[in-house]
Amino acid sequence: MIAPFGYLTLALAFLLAVYGLGAVIWGIYQRSVPWIESARLALVLIFPLVTVSLVAITVLLLDHRFDVAYVYSVINRGMPAYLRFTALWGGQSGSLLFWTWLMAAFAMIFALKNWRDSFDLLPWSLAAIFLLVGFFLLLNVFIENPFERFWLLPDGSRILSVFQPRGAFPLMPQDGMGLNPLLRHPGMIWHPPTLYIGFVGFLIPFALAISSLATGKKDNRWIEIARPYVLVSWVFLSLGLVLGMRWAYDILGWGGYWGWDPVEVVALMPWLSATAYLHTALLQKRNGSFKRWNLSLSILTFVLVILGTFLTRAGILASIHAFADSDIGVPKFVITAIITLGSLGLLIYRWPELGDEQELEFRLSREVFTIFSNLVLLSILAVCFLGVFYPIISELLTDTLITVGPAWYKQILGPLFTLLMLLLGVCPLIAWSLTRVSILKQKLQIVLPLSLLPPIFAWLLGGVSNLFVLFTFWLVSFSGLVIMREYTRSVGKAWNRSPGRVGQALWSPIQRNRRRFGGLIVHLGIVLMSIGIIGIEGLQQQTQVTLAIGESVSIGGYEFTFTGLDNYNTADGRNVTESVLTITQNGRPLGALYPQRDFYPAMGMAITQPGLQSNLGRDLYAILIDWRPVTQDEATFRVYINPLVNWLWIGTGVLVLGSIMAVWPERVKARQGVTGYLVEN
């Protein structure tokens with residue numbers, strides 16, 4: 001009874017979404033507070049209903065209910081409990097249900113928390129939310145149903161149905177197909193959920209932007225209400241992207257973390273537009289400028305999210321990250337077109353009314369540099385968009401498959417990312433409104449000479465001769481020192497106010513202005529991440545070599561010796577071929593690497609498990625490419641030296657810490673009452 005019960009609660013949630021959409025539209029038409037309140041309560045109820053469905057499918061997964069088609073397709077008896085749990089998002093229908101549950105959670109939080117201070121924006125926000133939540137519920141109820149079961153008919157044929165057909169008998173397979181081996185990694189516990197939270201959370205800012213356009217509101221209140229949702233979504237999306245990088249680094253055997261795969265690029269695009277929005281939203285809050293810009297960016301971010309789910313789930317993009325082809329392609333295309341054209345129409349309709357309250361003067365000011373930063377971010381976004389869609393359009397028009405690889409992206413985006421890093425360092429030095437050149441020179445007197453030291457040391461002591469790498473090292477040093485200068489100046493002021501209190505002086509700047517210093521710590525995290533990116537992109541060394549037992553290869557001052565190869569079967573059904581590469585440096589032993597290949601006979605798939613040894617300065621990374629299966633006395637390896645790559649993961653932690661500080665709630669302000677909607681409308 002678990003499967004039918006889970007399906008019925010899901011169907012009831014869909015009916016509530018349909019009712020809520022109708023109720024809020026009628027409430028807007030009639031200006032009826034009771035109807036709008038009824039819709040709001042319906043939205044609150046959707047989340048617990050979808051939660052029941054989510055719990056139901058989780059129980060079925062943990063209980064090995066192979067009569068349920070989704071359970072059969074993603075688990076088997078050899079999988080541990082944590083993998084059976086993560087199989088919830090290991091297939092199309094389960095991940096859609098999880099996506100819908102997250103969307104319902106954000107919607108419920110908005111309906112409970114923000115309805116009083118946004119009641120005049122509430123009706124149209126609810127309409128947008130109901131449309132999208134209802135659409136994803138529709139997919140789960142009618143197209144990608146995770147609760148369908150196997151049934152055997154009297155004539156011997158098999159069918160799928162949630163409820164028992166007349167004359168049919170339940171069919172329970174002894175075992176399931178199992179999860180894709182590429183997804184059987186601890187990183188899959190965290191990567192999809194964090195990425196999904198990042199994507200789904202942009203629903204609320206999108207709905208508020210639509211409501212602001214629909215009601216003709218010209219104030220900044222929607223920006224302030226949307227701010228915590230944008231920050232939370234942005235940090236989860238950032239974390240999800242980096243966790244995906246770590247998964248690729250550990251599993252895919254690229255020797256790196258980012259392959260410019262189309263699905264990776266699709267996930268990056270809303271991050272770029274959201275980052276641009278976060279910066280210009282500050283300008284609108286300060287002086288009422290960039291209203292058109294911020295509305296456009298908020299809408300663009302969510303449209304890119306929906307567009308990305310369409311491309312990856314409809315089987316359009318060929319990628320290890322994409323889902324197989326399914327029946328949701330056409331509905332996804334329709335909803336993408338509706339929200340894109342509808343949002344664009346509203347934006348064009350309100351465009352003449354959204355002029356800036358204060359004209360931007362192009363002078364040495366943080367406003368101008370913020371706009372330059374946004375233009376760079378959007379230029380990167382445009383390149384990514386072209387890289388994803390040009391092959392698709394070309395194949396449709398010419399029937400010729402064109403691929404856009406990493407070299408193309410790096411050649412175009414390298415200078416843009418470099419310019420972005422320069423702006424990251426300059427912006428904190430520039431004051432709002434106007435900065436005199438003499439003051440800027442004064443600020444650079446200490447920072448500029450100190451920033452030259454790291455690239456000089458890298459050149460003299462590290463043997464780095466690549467001019468572009470040295471220049472980028474200077475950029476990250478400059479940006480990091482500027483951020484530290486801002487913090488130490490504030491610490492000095494706090495020390496002057498309370499001499500002798502070290503802890504208070506260190507904490508006081510953050511306590512007094514969490515948003516500003518939280519943002520600076522986020523920027524510091526990006527600087528640290530950039531160190532890792534520069535290390536692996538500019539200083540990576542690699543070689544591929546075939547070695548017999550006892551033979552060695554030298555690379556980057558390290559010697560790798562092939563000392564053994566073993567083949568064995570595991571209790572969970574894998575056939576493992578594991579090799580041993582011992583490491584020495586100048587004759588000093590440094591341990592060993594154990595690259596291996598895991599073969600899953602039941603699925604006919606093999607995955608690479610790199611051998612890895614890490615410290616703050618470098619990773620030693622080896623992949624087993626091939627071997628002699630009979631004698632096991634010779635094997636082919638690809639060996640990498642990845643300098644500084646761990647600063648990418650460290651920087652991510654700093655970024656998350658800064659985001660938590662920036663989003664931490666401040667003192668609650670007075671709220672507008674429910675009657676605001678009736679008075680103003």
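Laboratory data are not the source of any read-out in this text; all were calculated from the coordinates shown. No experiment lies behind these values; they were computed from the predicted model shown. Every residue, glycine as well, gets a Cβ built from its backbone with ideal geometry; the counts of neighbours run over all protein chains shown.
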TODO: List the aspartates and glutamates whose Cα lies under 15 Å from the Cα of Lys332, skipping any in the same chain that are fewer than 8 positions away.
DONE: Glu144
TODO: Would you calculate, for the chain, the mean residue ellipticity at 222 nm contributed by helices, counting each DSSP H stretch of 4 or more residues as -39,500 (n - 2.57) and dividing by all residues, to the nearest 500?
DONE: -20000 deg cm²/dmol
Open item on the list: Students often check this: by mean Cβ neighbours within 10 Å, which of 597-609, 412-424, 204-216, 45-57 ranks highest, and how do the rest follow?
Closed with: 204-216, 45-57, 412-424, 597-609
Task: Leading residue at positive end of dipole, the range 1-179 (Cβ point charges), from Val55, Gly134, Phe66 - done: Val55
- [ ] Could you work out how far the C-alpha centroid of the range 262-312 sits from that of the range 67-84, in angstrom?
- [x] 37 Å
Open item on the list: Output wanted: per-residue J couplings in Hz (rounded whole) for the range 170-178, from phi through Karplus 6.51 cos²θ - 1.76 cosθ + 1.60, θ = phi - 60°, x for Gly and Pro.
Closed with: x, 10, 10, x, 6, 8, x, 6, x
Task: Estimated vicinal HN-Hα couplings, Hz - the range 75-85 in sequence order (Karplus 6.51, -1.76, 1.60; Gly, Pro = x) - done: 9, 9, 5, x, 7, x, 4, 5, 6, 5, 5
Open item on the list: Whole-Hz ³J(HN,Hα) for each residue in the range 574-590, computed from phi via Karplus 6.51 cos²θ - 1.76 cosθ + 1.60 with θ = phi - 60°, x for glycine and proline: what do you get?
Closed with: 8, 10, 10, 10, 10, 10, 10, 10, 7, 10, 9, 9, 6, x, 8, x, 10
Task: Cα-based reach from Lys285 at 19 Å (exclusive), listing lysines while leaving out same-chain residues under 8 positions away - done: Lys217, Lys218, Lys669
TODO: Beta carbons within 10 angstrom, averaged per residue: use that to sort the peptides 119-132, 341-354, 22-35, highest first.
DONE: 119-132, 22-35, 341-354
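Using the per-residue mean of other Cβ atoms lying within 10 Å as a proxy for protection, in what order, highest first, do the peptides 548-557, 292-301 fall? Don't jump to the answer; show the numbers that get you there.
Details: 548-557: 13.8, 292-301: 24.0.
Highest-to-lowest ranking by the protection proxy: 292-301, 548-557.
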- [ ] Note the listed values [x] 29.4; [y] 36.5; [z] 39.4, then indicate which one is mean projected area of the Cα convex hull in nm² calculated from this particular structure.
- [x] [y]
- [ ] Would you mind calculating the gained length between Leu460 and Thr400 on full extension (0.36 nm times residue separation, minus the Cα-Cα distance), in nm to one decimal?
- [x] 16.6 nm
